[in-house]
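Engineer: What follows is a single structure, and I will ask about it in a moment.
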2 protein chains.
Amino acid sequence: MPQKPAIPKGTRDFSPREVARRNYIIDTIRKYFRIYGFMPIETPAMENMDTLMGKYGEEGDRLIFKILNSGDFIRKVDDFTYSSKDSRSLTPKISDKALRYDLTVPFARYVVMHQNEIDFPFKRYQIQPVWRADRPQKGRFREFYQCDADVVGPRSLWQEVEFIQLYGAVFSELKLNDVQIKLNNRKVLSGIAEVIGAKNHLVDFTVALDKLDKIGREAVIAEMQDKGIKMEAIEKARPLFSLSGSAMEKLDKLDDFLSHSEIGKEGVEELRFIITSLDALDSRDTRIEIDVTLARGLNYYTGTIMEVAPPEAVAMGSIGGGGRYDDLTGIFGLKDVSGVGISFGLDRIYLVLEELGLFPEEIDQTLDVLFINFGNQEALQSLKLIKKLRNNGIKADLYPQNTKIQKQMKYANNRQVPYVVMIGEEELNQGQFVVKDMVKGTQKTYQLQDPDLFISEL
Amino acid sequence: MPQKPAIPKGTRDFSPREVARRNYIIDTIRKYFRIYGFMPIETPAMENMDTLMGKYGEEGDRLIFKILNSGDFIRKVDDFTYSSKDSRSLTPKISDKALRYDLTVPFARYVVMHQNEIDFPFKRYQIQPVWRADRPQKGRFREFYQCDADVVGPRSLWQEVEFIQLYGAVFSELKLNDVQIKLNNRKVLSGIAEVIGAKNHLVDFTVALDKLDKIGREAVIAEMQDKGIKMEAIEKARPLFSLSGSAMEKLDKLDDFLSHSEIGKEGVEELRFIITSLDALDSRDTRIEIDVTLARGLNYYTGTIMEVAPPEAVAMGSIGGGGRYDDLTGIFGLKDVSGVGISFGLDRIYLVLEELGLFPEEIDQTLDVLFINFGNQEALQSLKLIKKLRNNGIKADLYPQNTKIQKQMKYANNRQVPYVVMIGEEELNQGQFVVKDMVKGTQKTYQLQDPDLFISEL
């Protein structure tokens with residue numbers, strides 16, 4: 001009995017049209033990664049279990065796809081563990097490999113393993129799929145691509161300046177001119193917590209503040225109180241709830257607010273350096289916004305925090321983000337390696353481009369010229385011409401069988417081929433070929449000896 | 001205690017240099033896939049277990065990487081199975097997904113699932129990794145890429161003609177002019193077995209014959225006898241052991257030999273059509289050899305069988321292969337779908353190009369121009385110029401920190417940057433920049449107002 005085929009939930013097949021569109025985005029990102037001096041690496045889909053476990057929190061550990069050991073895997077389980085019949089204790093005994101969960105941990109592992117071959121500063125990019133056993137839902141998949149660029153080594157803020165330019169370059173090439181780049185700095189967040197006297201509640205404070213847009217001021221205050229932050233501290237933070245003006249104006253206000261916090265002032269200075277440099281470089285075509293509510297994996301970033309919001313016309317979460325982290329590789333034994341990096345959200349960028357109708361039409365064109373098949377003699381002559389076209393980089397093809405012309409024309413229509421060439425018996429005898437322009441509906445006859453004329457007109 | 005990081009055996013990290021070289025090959029293959037009218041699809045890394053199991057024989061089933069179910073997977077195992085403590089019966093209870101083993105079965109699954117969206121003939125290509133729990137050894141990996149192109153639908157032999165042209169186009173672009181394309185036909189093999197009276201020993205006969213090159217005539221005959229093929233039959237097959245001459249001469253000899261086998265003659269006719277057409281199309285720049293010992297997955301192919309041997313200077317197995325199979329999708333319930341396809345062996349092509357020194361030098365160049373960092377003022381001016389260069393598609397970068405010039409120059413050397421630009425205090429004051437040609441060792445001064453002069457000379 002034949003199976004009714006299906007694919008695992010949360011995974012996707014990509015049709016030619018979808019692959020072309022995804023590649024359009026990926027190629028654009030890759031182009032600018034390269035122009036900005038980044039180099040590609042690739043790491044295996046599977047990593048050793050101990051490389052991944054414990055790096056993403058308890059929830060992360062659960063969502064990592066584990067690979068069953070090969071062969072008679074049960075034989076290696078001791079009786080005590082086996083008799084417990086407990087999935088959690090059994091897992092490490094029957095699985096020692098797992099699918100990568102992101103590109104950051106494999107990258108850290110790569111840097112440590114290959115530290116002697118790497119010239120620092122190491123600018124790497126990596127575009128590969130990752131897997132998460134998350135509950136699938138709209139826009140959330142169990143297999144998806146990450147597109148990351150990171151610089152490892154130097155602490156220079158020029159890196160941040162360049163990453164923002166890079167975001168600008170990619171999104172303007174994709175015609176997404178209305179994106180907004182939000183900036184914050186972990187040190188500013190620390191400074192705020194210090195100034196209001198809630199140093200021990202830094203995480204709770206920022207997690208609550210992060211929701212300002214969604215749940216409003218009063219709910220944020222309620223949550224802060226709920227977490228044990230004193231009303232006095234919350235009152236002190238009030239000015240931050242309505243920070244307005246240009247980036248520079250906001251930074252001035254923050255400077256005042258944080259005047260008694262060394263670390264806070266440091267954070268403001270870093271942001272000021274970035275904004276001033278971008279102004280001087282005339283790279284403010286992208287809207288840049290200082291956003292003190294931006295936290296993004298607070299426990300991970302140590303300096304700049306960045307996030308890209310899609311154009312306001314589209315209701316969707318961030319389409320990119322990143323920041324600076326001061327200890328990328330410590331977990332693998334290499335101390336004091338600072339990094340800064342960004343990521344592009346391929347799936348969301350795809351949805352945004354689709355919603356705004358921004359995919360260029362030409363990327364759907366998988367064939368430039370189709371030759372109708374009238375039989376073997378005619379086909380042979382067609383293939384001679386096709387060879388010539390292909391040598392000129394033109395995507396040309398012969399319909400493989402001598403079936404009804406209507407069927408062949410329908411195929412040409414479905415594949416949206418702009419030109420159909422006909423070499424029937426008559427054309428063969430007269431040394432000619434007929435080109436049908438499928439858009440205009442016109443026909444034109446050329447001489448077989450002079451295909452260059454047709455090529456030049458394509 | 002920090003972990004000493006490692007990766008699973010049989011898997012690989014790819015450095016920037018290796019990725020660039022792999023992409024050089026992949027991009028060349030993809031270019032011609034497109035020019036020949038193929039369209040890309042992508043399928044998920046993981047497939048449902050029942051999509052994969054039973055498709056690759058017992059050995060294949062064993063080598064498929066299984067993914068452990070998420071959550072409390074043990075809870076779903078019945079007590080009877082659990083108490084058996086048998087890996088083989090436990091596996092299907094705790095794992096319902098697996099990593100794809102090749103691209104052909106997922107493709108067949110794709111065609112059946114999407115048959116209503118597909119316009120046949122469907123020409124698809126697919127370049128993605130596959131995973132096999134094989135014992136790792138030199139040149140054999142547990143994760144490797146397959147690069148496949150197939151046409152589904154028509155039975156026309158023009159497809160075979162085109163695939164051979166495609167092989168020729170890719171390998172000559174890679175400067176691998178001395179490859180040899182071996183051709184055979186399953187029907188010829190059937191005919192031979194019929195003529196010599198060993199119809200029931202077709203597989204044993206071809207498996208033995210396949211080893212002629214490696215073990216020699218006498219050992220082949222011994223193996224055939226061992227498998228129960230009568231000496232009388234083997235004697236009849238003798239002429240095949242020393243088939244020589246041009247492709248056409250060999251086909252004439254085969255025609256004689258197979259004159260009493262309908263199916264055998266059909267196979268010869270098919271091969272003759274392919275050779276004649278390639279001659280007429282002047283596409284015999286690649287050496288094409290008729291090889292009746294070529295079998296390649298005999299139970300799979302039903303017509304043409306193709307294989308590409310590397311240039312003789314390199315001792316290595318085939319770098320590509322393919323053929324026609326008459327029932328691609330029957331296992332998933334879609335009958336009478338004929339297919340023909342080829343595959344490129346990325347890893348082996350890589351080794352061949354490396355051994356013959358055929359990778360173009362320019363693909364190693366990850367940066368065109370490096371700017372030395374002399375401090376923030378100078379860096380800002382440098383970034384203005386870098387912006388201009390990048391807008392022109394030039395890979396340019398600023399060394400992120402104002403460290404010792406020697407260190408920065410060493411970095412430039414290690415990354416093999418052809419040009420280093422210096423804007424120090426003096427240059428800044430005089431509105432100039434100095435370009436050092438790292439190959440020639442010469443220096444030249446340009447005006448900051450006129451960067452186009454430098455760009456035009458790059």
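The values are calculated or read from the model by the stated rules, or taken from the named source; none is laboratory data. Remember, it's a predicted structure, so these values are computed and weren't measured experimentally. Here the Cβ positions follow ideal geometry from the backbone for every residue, glycine too, while neighbour counts run over all protein chains shown. For the accessible areas, the whole protein counts, side chains as well, though only heavy atoms, and no ligand, DNA or RNA atoms are used. Shrake-Rupley method; radii C 1.70, N 1.55, O 1.52, S 1.80 Å.
Engineer: Checking the condition out of contact with any helix residue (DSSP H, G or I) (no Cβ under 7 Å at 6 or more places or on another chain) and either open to solvent by less than 30 Å² (accessible area, probe 1.4 Å) or not assigned by TED's automatic domain parsing to the domain that holds A:V152 (or both), which residue from A:I25, A:I41, A:I67, A:I29 passes?
Structural biologist: Going through A:I25, A:I41, A:I67, A:I29 in turn, the sole match is A:I67.
Engineer: Give the number of residues within segment B:291-328 that are among the polar types (S, T, N, Q) and at pLDDT below 90. Outline the logic, then answer.
Structural biologist: Taking segment B:291-328 as the starting set, the residues that turn out to be among the polar types (S, T, N, Q) are B:293, B:299, B:302, B:304, B:318.
From what is left, the residues that are at pLDDT below 90 are B:293, B:299.
The total comes to 2.
Engineer: Condition first: over 23 Å from B:I25 (Cα atoms) and either facing chain A (nearest Cβ under 9 Å) or open to solvent by 30 Å² or more (accessible area, probe 1.4 Å) (or both). Now tell me which residues in segment B:138-153 satisfy that. Show your work before the answer.
Structural biologist: Going through segment B:138-153, the residues over 23 Å from B:I25 (Cα atoms) turn out to be B:152-153.
Passing the criteria: only B:G153.
Engineer: Here's something else I'd like to know. Give me the helices (runs of 4 or more DSSP H) completely within segment B:45-158, filtered to those with at least 1 residues that are closer than 23 Å to A:V19 by Cα and modelled with pLDDT of 95 or more, ordered by residue number. Give the derivation first.
Structural biologist: Working: elements: B:49-52, B:57-63, B:79-84, B:87-94, B:104-113.
Fully inside segment B:45-158 and qualifying: B:49-52, B:104-113.
Engineer: Tell me whether segment A:249-265 contains one or more residues that are under 29 Å from A:L328 (Cβ atoms), of a type in the set (G, A, S), open to solvent by 10 Å² or more (accessible area, probe 1.4 Å) and not in a strand (DSSP E or B). Can you show your working first?
Structural biologist: Quick first cut of segment A:249-265, residues under 29 Å from A:L328 (Cβ atoms) only: A:251, A:254, A:258, A:261-265.
Then drop every residue that is not of a type in the set (G, A, S), which leaves A:261, A:264.
Adding the requirement that they be open to solvent by 10 Å² or more (accessible area, probe 1.4 Å) leaves none.
Checked against the condition, which is being under 29 Å from A:L328 (Cβ atoms), of a type in the set (G, A, S), open to solvent by 10 Å² or more (accessible area, probe 1.4 Å) and not in a strand (DSSP E or B), segment A:249-265 yields no hits at all.
Engineer: Name, by its number, the condition in (1) crowded, with 20+ Cβ neighbours inside 10 Å; (2) modelled with pLDDT of 95 or more; (3) closer than 25 Å to B:N414 by Cα that does not hold for A:Y167.
Structural biologist: Condition not satisfied by A:Y167: (3).
Engineer: If you take the residues of segment B:282-297 that are of a type outside the set (G, A, S) and surrounded by 18 or more Cβ atoms within 10 Å (Cβ to Cβ), which of them is farthest from B:V207 (Cα to Cα)? Outline the logic, then answer.
Structural biologist: So in segment B:282-297, the residues of a type outside the set (G, A, S) come out as B:282, B:284-294, B:296.
Keeping just the survivors that are surrounded by 18 or more Cβ atoms within 10 Å (Cβ to Cβ) gives B:286, B:288, B:290-294, B:296.
Numbers: B:T286: 27, B:I288: 22, B:I290: 17, B:D291: 14, B:V292: 12, B:T293: 9, B:L294: 9, B:R296: 9 Å.
If we take residues in segment B:282-297 being of a type outside the set (G, A, S) and surrounded by 18 or more Cβ atoms within 10 Å (Cβ to Cβ), then B:T286 is farthest from B:V207 (Cα to Cα).
Matching residues to (1) in contact with a Leu (Cβ under 6 Å, 6 or more places away or on another chain); (2) farther than 19 Å from A:G37 by Cα:
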residue	(1), (2)
A:D79	no, yes
A:S89	no, yes
A:P121	no, no
A:W131	yes, yes
A:K138	no, yes
A:L166	no, no
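Engineer: Okay, next question. Based on what the data block shows, is B:I305 within 22 Å of the chain's Cα centre (by Cα), in contact (Cβ under 8 Å) with a residue 24 or more places away in the chain and either away from chain A (no Cβ under 14 Å) or part of a helix (DSSP H, G or I) (or both)? Walk me through it before giving the result.
Structural biologist: Numbers: within 22 Å of the chain's Cα centre (by Cα): yes; in contact (Cβ under 8 Å) with a residue 24 or more places away in the chain: yes; either away from chain A (no Cβ under 14 Å) or part of a helix (DSSP H, G or I) (or both): yes.
In short, yes.
Engineer: Here's another thing I want to ask about it. Please specify each residue of segment A:414-434 satisfying the condition of being under 26 Å from A:R17 (Cα atoms) and modelled with pLDDT of 95 or more.
Structural biologist: Applying the first criterion (under 26 Å from A:R17 (Cα atoms)) to segment A:414-434 yields A:414-421.
Answer for segment A:414-434, where residues must be under 26 Å from A:R17 (Cα atoms) and modelled with pLDDT of 95 or more: A:V417, A:P418, A:Y419, A:V420, A:V421.
Engineer: Of all residues in segment B:308-324 being part of a strand (DSSP E or B) and touching an Asp or Glu at 6+ places or on another chain (Cβ under 9 Å), which is farthest from B:K138 (Cα to Cα)?
Structural biologist: If we filter segment B:308-324 for residues that are part of a strand (DSSP E or B), which is where we start, we get B:308-309, B:320-324.
This time we only want the ones that are touching an Asp or Glu at 6+ places or on another chain (Cβ under 9 Å), so: B:309, B:320-324.
Numbers: B:A309: 19, B:G320: 18, B:G321: 20, B:G322: 23, B:G323: 27, B:R324: 30 Å.
Step by step, filter segment B:308-324, then rank; the result is B:R324.
Engineer: Could you check segment A:154-164 and list, in sequence order, the residues that are within 8 Å of chain B (Cβ to nearest Cβ) and surrounded by 22 or more Cβ atoms within 10 Å (Cβ to Cβ)?
Structural biologist: Within segment A:154-164, A:S156, A:W158, A:Q159, A:V161, A:E162 qualify.
Engineer: Tell me, please, whether a residue that is closer than 19 Å to B:L281 by Cβ and either in a loop (DSSP other than H, G, I, E, B) or open to solvent by 30 Å² or more (accessible area, probe 1.4 Å) (or both) can be found in segment A:355-372. Give the derivation first.
Structural biologist: Quick first cut of segment A:355-372, residues closer than 19 Å to B:L281 by Cβ only: A:369-372.
From the residues that got through so far, the ones that are either in a loop (DSSP other than H, G, I, E, B) or open to solvent by 30 Å² or more (accessible area, probe 1.4 Å) (or both) too are A:372.
Yes, segment A:355-372 contains a residue that is closer than 19 Å to B:L281 by Cβ and either in a loop (DSSP other than H, G, I, E, B) or open to solvent by 30 Å² or more (accessible area, probe 1.4 Å) (or both).
Yes or no, residue by residue, for (1) touching a Pro at 6+ places or on another chain (Cβ under 7 Å); (2) free of Cβ contacts under 8 Å to residues at least 24 places away in the same chain:
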site: B:S89; (1), (2): no, yes
site: B:P92; (1), (2): no, no
site: B:K97; (1), (2): yes, no
site: B:A108; (1), (2): no, no
site: B:V112; (1), (2): yes, no
site: B:N116; (1), (2): no, yes
site: B:F120; (1), (2): no, no
site: B:K123; (1), (2): no, no
site: B:V130; (1), (2): no, no
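Engineer: A further question follows. Any residue at all in segment A:410-427 that's within 10 Å of chain B (Cβ to nearest Cβ), free of Cβ contacts under 8 Å to residues at least 24 places away in the same chain and either surrounded by fewer than 16 Cβ atoms within 10 Å (Cβ to Cβ) or out of contact with any Lys or Arg (no Cβ under 8 Å at 6 or more places or on another chain) (or both)?
Structural biologist: Here is the first cut: in segment A:410-427, the residues within 10 Å of chain B (Cβ to nearest Cβ) are A:410-415, A:417.
Of the ones still in play, those that are also free of Cβ contacts under 8 Å to residues at least 24 places away in the same chain are A:410, A:414.
Filter again for either surrounded by fewer than 16 Cβ atoms within 10 Å (Cβ to Cβ) or out of contact with any Lys or Arg (no Cβ under 8 Å at 6 or more places or on another chain) (or both), leaving A:410, A:414.
Within segment A:410-427 (the criterion being within 10 Å of chain B (Cβ to nearest Cβ), free of Cβ contacts under 8 Å to residues at least 24 places away in the same chain and either surrounded by fewer than 16 Cβ atoms within 10 Å (Cβ to Cβ) or out of contact with any Lys or Arg (no Cβ under 8 Å at 6 or more places or on another chain) (or both)), the answer is yes, since at least one residue qualifies.
Engineer: With respect to the numbered conditions (1) in a helix (DSSP H, G or I); (2) open to solvent by 40 Å² or more (accessible area, probe 1.4 Å), which one is the sole condition not fulfilled by B:G228?
Structural biologist: All conditions are met except number (1).
Engineer: Which is of a type outside the set (A, V, I, L, M) and touching a Lys or Arg at 6+ places or on another chain (Cβ under 6 Å), of A:D347, A:D397, A:D336, A:D368?
Structural biologist: Numbers: A:D347 fails: touching a Lys or Arg at 6+ places or on another chain (Cβ under 6 Å); A:D397 fails: touching a Lys or Arg at 6+ places or on another chain (Cβ under 6 Å); A:D336 fails: touching a Lys or Arg at 6+ places or on another chain (Cβ under 6 Å).
Step by step, each of A:D347, A:D397, A:D336, A:D368 is checked, and only A:D368 is of a type outside the set (A, V, I, L, M) and touching a Lys or Arg at 6+ places or on another chain (Cβ under 6 Å).
Engineer: Could you say which residue among A:V420, A:V439, A:V434 is within 41 Å of the chain's Cα centre (by Cα) and in a strand (DSSP E or B)? Show your work before the answer.
Structural biologist: Values: A:V439 fails: in a strand (DSSP E or B); A:V434 fails: within 41 Å of the chain's Cα centre (by Cα).
Being within 41 Å of the chain's Cα centre (by Cα) and in a strand (DSSP E or B) holds for just one of A:V420, A:V439, A:V434, which is A:V420.
Engineer: Step by step: first the residues of segment A:384-406, then only those that are surrounded by fewer than 17 Cβ atoms within 10 Å (Cβ to Cβ) and more than 10 Å from every other protein chain (Cβ to nearest Cβ), then the one that is farthest from A:I455 (Cα to Cα). Which residue is that?
Structural biologist: Restricting to residues being surrounded by fewer than 17 Cβ atoms within 10 Å (Cβ to Cβ) and more than 10 Å from every other protein chain (Cβ to nearest Cβ), the top hit is A:K404.
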